[in-house]
Amino acid sequence: MDAGGKELSARPGASSRGTNQLGVRLYNERLVLSLIRLHGGLPKADIARLTRLSPQTISIIMNQLTADGLLLKGSPQRGRIGQPSVPYSLNPEGALAFGLKIGRRSADLYLINFTGEVLQLLHETYAYPKPERVLAFARDGIERMLAQLPERLTRRIAGLGIAMPYEMWTWHEEIGAPKAEIDAWRTIDIRADIAGFCPWPVYFANDITAACAAELMFGGGGDHSDYLYVFIGSFIGGGLVLDGHLFPGRTQNAAALGSMPAPGARLGGSAKTPQLMNVASIYVLERKLHARGRNADVLWQSPDDWGDALGPVLDEWIDEVAESVAFAVVAAIAVIDVETVIIDGAFPIAVRRRIIARTEEAISRVNRQGLSPFRLVEGSIGNAARAMGGASLPLLANFTQDREVLFKEGS
């Protein structure tokens, strides 16, 4: 157990080995960093036990990671028989990363450190995303942030990760974007364009997959071995963690909850059953506000504080979200059989809690015969999850066991 009495465990696969000396060394270093991130701080003896590596091997690895500036050696902890225990923790300044979230209504640029602390951030809203505007935002934002960053930290930047919806040009009607302008995203390679002015490796992931990665690395996700992740943004989406690792799926599109059917809901003028995204997305709340002659800018400009003026429109939307998400969650549990469902979104904490409470009520009315029990849990990052998830991509690629879930880096 750790100092807080928490049972220490290694993730499945932690004792496997690489196929050559260099591969083994890199794998073992990533394994050690992943375990320390998971448990918050560990002495060498616990790491040796969890990895099944020899004390001598662990000592070499720990000394090297400390010399590289990735780990910090703590003060000796007395109280046990024998030598004092010396915990090692991640060095917050060990590595930095940029995260760029490109959304349908806003863009965010974050700079975070190795432990997920946000060092700097920029936020910009728009009616719909234009490639040239997003590229200018990223280029100017990086320059502004670097101008304020000490040289010792600039040398620690591991890369930039882009978190963005796949096929940005689709659903132009839902966000009210001119089709001709939004179609520009069909031919642009945003990763390559940013790599053209970014001096570090550039990575790319679906925005909700990235948000799920942020919850796993920096939020409460590390406390759960398996979970379904639900994120409600402009459009609702999902992610999946199995055996403590991000599971992106065959085409990097696992847990695409927004595309699930929403039984019981109806869209005016359409004979088709709507998808979950047509009911349980923030753009739907925006439309409800507009239909009542209300300004909806606060939804995108202040995602952490919507104020108290949304009133019955917000209540109606929360009820509709809860009813549709309840069906989607039960359907997903029937397939993947996880114990935990984490729900988060680009809205204030109070709204998140109301959605979870109403979703629990809605689930209680769904026939779940034959399914194992599961629980709903609050996400812990909120609106920042997608940008932080983008920033997590270079860290996942270079310092964890989850490199295989990441995407091709820039040249």
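Would you call Ala205 touching a strand residue (DSSP E or B) at 6+ places or on another chain (Cβ under 9 Å), closer than 30 Å to Ile342 by Cα and not in a helix (DSSP H, G or I)? Let's see the steps before the verdict.
Details: touching a strand residue (DSSP E or B) at 6+ places or on another chain (Cβ under 9 Å): yes; closer than 30 Å to Ile342 by Cα: yes; not in a helix (DSSP H, G or I): yes.
Yes.
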Gln252: out of contact with any helix residue (DSSP H, G or I) (no Cβ under 7 Å at 6 or more places or on another chain), touching a residue at least 60 places away in the same chain (Cβ under 8 Å) and open to solvent by 40 Å² or more (accessible area, probe 1.4 Å), yes or no?
no
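For Ile208, state whether it is touching a helix residue (DSSP H, G or I) at 6+ places or on another chain (Cβ under 7 Å), among the β-branched types (Val, Ile, Thr) and either closer than 28 Å to Leu393 by Cβ or open to solvent by less than 10 Å² (accessible area, probe 1.4 Å) (or both).
The answer is no for Ile208.
Looking at this structure, is Ala322 within 18 Å of Ser234 (Cα to Cα), touching a helix residue (DSSP H, G or I) at 6+ places or on another chain (Cβ under 6 Å) and of a type in the set (Gly, Ala, Ser)?
On the way: within 18 Å of Ser234 (Cα to Cα): yes; touching a helix residue (DSSP H, G or I) at 6+ places or on another chain (Cβ under 6 Å): yes; of a type in the set (Gly, Ala, Ser): yes.
For Ala322, the condition - within 18 Å of Ser234 (Cα to Cα), touching a helix residue (DSSP H, G or I) at 6+ places or on another chain (Cβ under 6 Å) and of a type in the set (Gly, Ala, Ser) - is met.
Taking the criterion of being surrounded by 22 or more Cβ atoms within 10 Å (Cβ to Cβ) and in a helix (DSSP H, G or I), would at least one residue in segment 113-136 satisfy it?
The initial filter retains those residues of segment 113-136 that are surrounded by 22 or more Cβ atoms within 10 Å (Cβ to Cβ), namely 114, 129, 134.
Those still in the list that are in a helix (DSSP H, G or I) too: 134.
Yes, the conditions are met somewhere in segment 113-136.
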Looking only at segment 43-58, decide whether some residue is crowded, with 17+ Cβ neighbours inside 10 Å, at pLDDT 90 or above and touching a Gly at 6+ places or on another chain (Cβ under 6 Å).
no
Say we look at segment 329-386 and pick out the residues that are over 23 Å from Asn206 (Cα atoms), touching a helix residue (DSSP H, G or I) at 6+ places or on another chain (Cβ under 7 Å) and not in a helix (DSSP H, G or I); which of these is most open to solvent (accessible area, probe 1.4 Å)?
Arg368
From the list Asp183, Asp193, Asp189, Asp226, which one is open to solvent by 20 Å² or more (accessible area, probe 1.4 Å), over 21 Å from Leu393 (Cβ atoms), under 24 Å from the mean Cα position of the chain (by Cα) and acidic (Asp, Glu)?
Asp226
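The values are calculated or read from the model by the stated rules, or taken from the named source; none is laboratory data. Every value quoted in this text rests on a predicted model; they were computed, and no experiment measured them. For neighbour counting, all protein chains shown are included, and Cβ atoms are generated from backbone atoms with ideal geometry for every residue, glycine included. These area figures cover heavy atoms from the full protein model, side chains too; ligands, DNA and RNA do not enter into them. Shrake-Rupley method; radii C 1.70, N 1.55, O 1.52, S 1.80 Å.
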